[in-house]
Amino acid sequence: MEKIKVIFSRDQIQQKVKELGKRIADHYGDEEIILICNLKGAFIFLADLCRHITSPISVDFIATTSYKGTESTGDVRIIKDLKMDVRGKHILLVEDIVDTGYTVDYILKYLSLHKPKSLHVCTLLDKSCKREIELPIEYHGFEVGDHFVIGYGLDYNERYRELDYIGEFVQP
Ligand code: IMP
């Protein structure tokens, strides 16, 4: 059994998600936002975040792939497309973690082709020390260093998404 060290506890995450929801609602007010969740990693964050946003919201999902094991390949592909028509709407892309930035950069370019009214990014975790592309990120929860993290939606080979905290493996 692997040992996992807690980096952000359940309470720290819940407090941060609440703060982010409030900031988002303060910004958009009564304007409708379409939250676009990048699957799979952001599904738990989206579920908690959307319940702290008091503005009118709709939710849609997109799925991308780029990671193999613990490494970002930079080769981003969309494997599930949007269902909603987002033209002329406020879009907020909800991400679990921004690492090199290739995934978000690719999705932003793709979404901007749909001519939204506005397009912003909300990520729970920001691994900015690994960034290879400069990106506009309006909302971010926590900074993380150059560690591979798991839990609260984030996986290692599809495991550990169900943890209610964010942690990293401890080397034996
Ligand atoms: P990027 O394209 O390098 O920014 O990688 C972004 C995607 O890689 C995220 O949406 C995650 O799915 C995955 N990812 C990046 N870092 C981690 C990590 O530390 N743990 C789990 N998944 C990660």
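What follows is calculated from the coordinates using simple rules that are stated; it is not laboratory data. In this text the structure is predicted, and so the values were computed from the model without any measurement. All Cβ positions, glycine included, derive from the backbone under ideal geometry; neighbour counts span all protein chains shown.
A few points about this structure:
- Elements of type strands (runs of 3 or more DSSP E) contained in segment 1-69, each with 3 or more residues being closer than 22 Å to TYR102 by Cβ and of a type outside the set (A, V, I, L, M): 57-68
- Qualifying residue in segment 95-107 (condition: under 27 Å from TYR165 (Cβ atoms), without any contact (Cβ under 8 Å) to a residue 24 or more places away in the chain and of a type outside the set (Phe, Trp, Tyr)): no
- In segment 123-140, the residues that are hydroxyl-bearing (Ser, Thr, Tyr) reach residues that are assigned to a helix (DSSP H, G or I) with C-beta atoms within less than 9 angstrom, at least six apart or across chains, in these pairs: THR123/PHE45; THR123/VAL104; TYR139/LEU20; TYR139/ARG23; TYR139/ILE24; TYR139/HIS27.
- Filter result for ILE97 (more than 11 Å from the ligand (Cβ to nearest atom), closer than 20 Å to ILE44 by Cβ and part of a strand (DSSP E or B)): no
- Some residue of segment 111-118 being in contact (Cβ under 8 Å) with a residue 24 or more places away in the chain and part of a strand (DSSP E or B): yes
- Contacts under 9 angstrom Cβ, first residue in segment 39-61 being on the phi < 0 side of the Ramachandran plot and hydroxyl-bearing (Ser, Thr, Tyr), partner part of a strand (DSSP E or B) and within 16 Å of the ligand (Cβ to nearest atom), 6 or more apart: SER58/LEU35
- Candidate set from segment 1-51 (those that are within 16 Å of the ligand (Cβ to nearest atom) and loosely packed, with under 13 Cβ neighbours inside 10 Å); member that is farthest from TYR160 (Cα to Cα): LYS5
- Residue match in segment 114-127 (condition: more than 28 Å from ILE34 (Cβ to Cβ) and either within 14 Å of the ligand (Cβ to nearest atom) or surrounded by fewer than 18 Cβ atoms within 10 Å (Cβ to Cβ) (or both)): no
- Residue ID - farthest from the chain's Cα centre (by Cα), chosen from residues in segment 150-159 that are in contact (Cβ under 8 Å) with a residue 60 or more places away in the chain and over 12 Å from PHE8 (Cβ atoms): ASN157
- Which numbered condition ILE91 fails, given (1) more than 30 Å from ASP164 (Cβ to Cβ); (2) away from the ligand (no atom under 13 Å from the Cβ); (3) part of a strand (DSSP E or B); (4) not hydroxyl-bearing (Ser, Thr, Tyr): (1)
- Residue within segment 155-168 that is touching a helix residue (DSSP H, G or I) at 6+ places or on another chain (Cβ under 6 Å) and within 10 Å of the ligand (Cβ to nearest atom) present: no
- Scanning segment 163-172 for residues that are farther than 28 Å from TYR28 by Cβ, touching a residue at least 12 places away in the same chain (Cβ under 8 Å) and part of a loop (DSSP other than H, G, I, E, B) turns up LEU163, TYR165, PRO172.
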